[in-house]
Amino acid sequence: MSGLAAARELRREGHAVTVMEQSGDVGGQWLYDPRTDGDDPLGAKAPVKVHSSMYASARVISPRECMGFSDFQFVPRPGAGGRDRDARRFPGHREVYCYLRDFCEAFGLADHIRLNTRVVRIAMQAPPPSRDDARSRSGGGYSDVKWKVRSVHVEPDGGGGEAAEVAVEEVFDAVVVANGHYSQPSLPSIAGMDTWQRRQLHSHSYREPGPFRGEAVVVVGCGDSGMDIATELCGVAKEVHLVARSVEAATTPPPMLSKILANHSDIHLHPQVDRLCEDGRTVVFADGCRVAADAVIYCTGYTYSFPFLDMGDGLVTVRDNRVGPLYEHTFPPALAPSLSFVGVPMRVFAPWLFEAQARWVALVLAGKVALPPEEDMLRAVQEDYRAREMAGVPTYHTHDIPAFDRSEIWEFVYRHSDLPRMEEWKAELFWTGFMNAKDDRDTFRDREDDSENVREGVGRWRCVSGAQYEAALAAARGGF
């Protein structure tokens, strides 16, 4: 999603764009892949072999009215080309994939995308001899550097033999990193993990409940995926044991989790796992409780991973899940604007914010918008870190926008782009959906208890956005 947003905005500003996508189709995480890595179900090795983390039953957690790009809304469409479409307000993952395919078609992006192409190394071609003179001008001291990009194109063998790989090294004026942050699992450190004999996997490798039929399953983590997977396992698994972060969280669960437990008496809540025993079966929790388990599923989130970035001098690092330093979550001060990141922020209106980031990057590279000098950007990054620390936000939540200040989402968009402000009814709909999810996780996606303001807004949105959508697709046939 962030890569497509970047490609569209860069093309709008006249840049020559090459998108490298390791999968065989567009869609990123929304491209469902039933395969999993049988050799590494925990996803402990970087990079992972299977990029997608989507499970079969996954549905969006935000209303579709709040999920589209500013000029290409996520309106329901009739099926095309034999593809079934999902008109629900909270559709399944395939509908998002179809929407992104339509976006690609509408803005003529397909010809600029190299599928089945894995980036293996990105490095500066040659740093300038001196950075001192550059520190006081717009951008960073390495702003004029070019980039060597080494990629491997994999040509699948339809006959079942080994795929052919072709390595290519090219030089680019600028690189936009938009590889997402939901593919490299983050794993806890639990005594006995390395030797426990039963099945262990990260939610990255979970697809459906069938393989766990009749088993006792421990689900570690009470976030979105943990709660969804635990409830999906009910009625299939023999036992479901859901693990909270602490004894306190297990003793006094938040309202959303309490409602799930009330609706599903076969889900048992525990504090964090203390250890996995040498007998290869027993799981011991922090309160001393023991469970004989057949499988442990770690729904413990993901970590940022850029194994292809050769930043040996530490100009960009990932420490405790903080990508830094990044000015406004987008530009590394020393390397801006020739290196940028789109899609790093978490828990945001993804297409809208990523579109704003991409628009900013495209305008800066076109010379229409100037960045502050490197030292000013670094100072702003450090001030942001201090503000988050004073607010009690841990380092690993640096890019979790709502964890610090929800208004930061809007401020970023309006400060760095000319995107229209979100309508009042749409903001109301989003927060109503959020509150409904807290009230009843099982049913919130199928509730439409809209206010009159929202109903009127949705009616206008469907009419105007539908016409806009079809016009964009029609225009694409005549060129971008």
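When you scan the range 64-81, do you find a residue that is over 21 Å from residue 464 (Cα atoms) and in contact with a helix residue (DSSP H, G or I) (Cβ under 9 Å, 6 or more places away or on another chain), even just one? Step through it out loud before you land on a result.
Kept after step one, since they are over 21 Å from residue 464 (Cα atoms), are these residues of the range 64-81: 81.
Now narrow it down to the ones that are in contact with a helix residue (DSSP H, G or I) (Cβ under 9 Å, 6 or more places away or on another chain): none.
No, the range 64-81 contains no residue that is over 21 Å from residue 464 (Cα atoms) and in contact with a helix residue (DSSP H, G or I) (Cβ under 9 Å, 6 or more places away or on another chain).
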Name the strands (runs of 3 or more DSSP E) wholly inside the range 300-401 in which the number of residues that are touching a Phe, Trp or Tyr at 6+ places or on another chain (Cβ under 8 Å) and under 18 Å from residue 9 (Cβ atoms) is 2 or more. 339-341
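To keep it simple, each residue is scored yes or no on (1) buried (at least 17 other Cβ atoms within 10 Å of the Cβ); (2) over 22 Å from the mean Cα position of the chain (by Cα); (3) closer than 27 Å to residue 5 by Cβ.
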| residue | (1), (2), (3) |
| --- | --- |
| 383 | no, yes, no |
| 398 | yes, no, yes |
| 432 | yes, yes, yes |
| 460 | no, yes, yes |
| 467 | no, yes, yes |
If a residue has to be free of Cβ contacts under 8 Å to residues at least 40 places away in the same chain and under 18 Å from residue 43 (Cβ atoms) to count, how many in the range 193-247 make the cut? 2
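Out of the residues in the range 321-340 that are hydrophobic (A, V, I, L, M, F, W, C) and closer than 24 Å to residue 301 by Cα, which is surrounded by the fewest Cβ atoms within 10 Å (Cβ to Cβ)?
323
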Is it the case that residue 176 is crowded, with 19+ Cβ neighbours inside 10 Å, in contact (Cβ under 8 Å) with a residue 24 or more places away in the chain, out of contact with any helix residue (DSSP H, G or I) (no Cβ under 7 Å at 6 or more places or on another chain) and not in a loop (DSSP other than H, G, I, E, B)? no
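So that you can scan it fast, the table gives a plain yes or no per residue for (1) over 27 Å from residue 30 (Cβ atoms); (2) in contact (Cβ under 8 Å) with a residue 24 or more places away in the chain:
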{"site": "322", "(1), (2)": "no, yes"}
{"site": "325", "(1), (2)": "yes, yes"}
{"site": "334", "(1), (2)": "yes, yes"}
{"site": "337", "(1), (2)": "yes, yes"}
{"site": "340", "(1), (2)": "no, yes"}
{"site": "346", "(1), (2)": "no, yes"}
{"site": "355", "(1), (2)": "no, yes"}
{"site": "373", "(1), (2)": "yes, yes"}
{"site": "379", "(1), (2)": "yes, no"}
I'm checking my understanding of the structure. Among residues of the range 112-134 that are outside any strand (DSSP E or B) and surrounded by 17 or more Cβ atoms within 10 Å (Cβ to Cβ), which one is modelled with the lowest pLDDT? 134
Quick one: in the range 137-153, which of the residues that are under 29 Å from the mean Cα position of the chain (by Cα) and assigned to a loop (DSSP other than H, G, I, E, B) is modelled with the highest pLDDT? 146
Can you work out which of the residues in the range 232-286 that are small (Gly, Ala, Ser), surrounded by 18 or more Cβ atoms within 10 Å (Cβ to Cβ) and not in a helix (DSSP H, G or I) is modelled with the lowest pLDDT? 244
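The values are calculated or read from the model by the stated rules, or taken from the named source; none is laboratory data. From a predicted model like this one, the values you see are computed outputs, not experimental measurements. All Cβ positions, even for glycine, are placed from backbone atoms using ideal geometry, and neighbour counts span all protein chains on display.
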